[in-house]
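Engineer: This is the structure, below, for whatever I ask next.
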Amino acid sequence: MFNVELTSERIARERLETRRKREAERQERIFKEKVRTIGVDVKALDMQVEEKNAREEAARTEEAAYDAEDRRYNFEACVHQNRQKKKSREMGKALMNYRHQHQMPSTRREFDLNDPDCYRKLDPGDAQMMLPGLAGEEQDSESRLKRQKEQLREWLLCQQKEHEEEMLRQKMEGWQYEQSRKEMHDLAVELHKLEMDRKKATAVAVKDYNLAAAEARQTEEKEGNKEYDGSQQHALDMVPGMCPSQDRREPPESLQQVVQFQKHQIEEKKRTELEKKQEGDLYNRIRLDSVHSALLMERQQKRLSKQLRRIQDSTNAQLAQTRRQQYVTTFSRTVCAF
């Protein structure tokens with residue numbers, strides 16, 4: 001039978017042979033005393049040195065090419081600059097030649113600017129004279145100056161009159177302002193006076209109420225002390241054996257006296273409640289009177305404020321009307337002057 005070898009087997013066999021050959025070379029390099037060096041692979045180092053030299057050579061070649069290209073660009077720029085300068089010089093020469101040939105001073109319509117006295121060198125007959133009545137001469141200059149002076153005088157008089165009217169208007173405004181200020185001051189003083197009167201009346205009412213309450217309280221305390229002392233003495237007199245000097249008299253009817261004492265206490269309590277009620281009614285009446293007075297004062301103050309505002313509005317309206325009339329008068333005079 002034929003011996004058929006597959007491609008994969010052939011590749012594997014070649015790789016194995018390559019590894020065996022490489023291992024044999026390594027062993028020969030290691031075990032051979034002449035080329036053996038402990039810890040260093042000389043062949044690998046030589047290859048690294050060659051690669052480094054190749055890289056440096058490539059860098060030098062690239063740098064040389066860049067320098068050559070830079071020199072070429074500089075040379076082209078210098079050539080272009082020289083061409084531009086040469087072209088500019090040629091254009092300047094051509095312009096000067098054209099001016100010398102076609103733009104001589106003798107061919108100009110106007111006088112030569114480089115020779116201002118050229119018109120003096122001409123003959124009187126050749127000089128161009130301006131006809132009378134044309135632009136540049138004025139026949140009625142005297143009348144024009146006279147009209148200008150009259151117009152200026154009218155303007156000055158108008159301005160002086162406007163200034164006087166303005167001063168009068170300012171004076172009137174100042175007088176009206178002073179009048180309104182005085183009225184406002186009088187109203188403020190009156191309002192302050194009313195406020196002080198209201199506070200004074202309130203203070204007097206509170207003082208009277210406090211005095212009345214203090215007097216009522218003192219009277220009540222005095223009466224209560226008197227009644228308490230009398231009731232205590234009466235109770236001691238009614239109890240037998242409490243007073244040695246009266247032990248021999250007949251004992252009073254204790255039940256009737258106790259009932260009378262209780263009635264007296266009930267009446268005293270009613271009287272106290274009535275006094276408290278009267279005191280509360282007095283306080284409420286004083287408070288209502290104070291509130292009523294305060295409301296009246298507030299209404300009067302509002303009425304005075306409205307009156308003051310009305311006066312101020314009328315004054316402002318009059319001032320606005322006066323200013324409007326002055327503006328219309330000034331504008332009409334200005335239009336008439338023009």
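Engineer: Within the bounds of the stretch 129-141, is there any residue that is part of a helix (DSSP H, G or I), surrounded by fewer than 10 Cβ atoms within 10 Å (Cβ to Cβ), modelled with pLDDT under 65 and not hydrophobic (A, V, I, L, M, F, W, C)?
Structural biologist: no
Engineer: Follow-up question, since we're still on this one. TYR177 versus (1) under 30 Å from THR315 (Cβ atoms); (2) at pLDDT 85 or above: which is the lone unmet condition?
Structural biologist: (2)
Engineer: Sticking with this one: Is it the case, given these coordinates, that GLN170 is exposed (fewer than 13 other Cβ atoms within 10 Å of the Cβ) and not aliphatic (A, V, I, L, M)?
Structural biologist: Judged against the criteria, GLN170 is a match.
Engineer: Only one residue in GLU298, GLU275 is at pLDDT 70 or above, over 30 Å from ASP186 (Cβ atoms) and either not in a helix (DSSP H, G or I) or not basic (Lys, Arg) (or both), so which one is that?
Structural biologist: The conditions single out GLU275.
Engineer: For the list (1) in contact with a Leu (Cβ under 9 Å, 6 or more places away or on another chain); (2) at pLDDT 70 or above, I need the number of the one condition that ASP197 fails.
Structural biologist: Of the numbered conditions (1) in contact with a Leu (Cβ under 9 Å, 6 or more places away or on another chain); (2) at pLDDT 70 or above, the odd one out for ASP197 is (1).
Engineer: Right, another one. Take the stretch 152-167 and flag every residue that is more than 16 Å from THR322 (Cβ to Cβ) and surrounded by 12 or more Cβ atoms within 10 Å (Cβ to Cβ).
Structural biologist: Result: GLU154, TRP155, CYS158, LYS161.
Engineer: Might you check whether a residue that is free of Cβ contacts under 8 Å to residues at least 12 places away in the same chain, exposed (fewer than 13 other Cβ atoms within 10 Å of the Cβ) and within 16 Å of ASN210 (Cα to Cα) occurs anywhere in the stretch 262-273?
Structural biologist: No - not one qualifying residue is present in the stretch 262-273.
The values are calculated or read from the model by the stated rules, or taken from the named source; none is laboratory data. These numbers were taken from a predicted model, which means no experiment stands behind them. Heads up, the Cβs are rebuilt from the backbone with ideal geometry, glycines too, and the neighbour counts pull from every protein chain shown.
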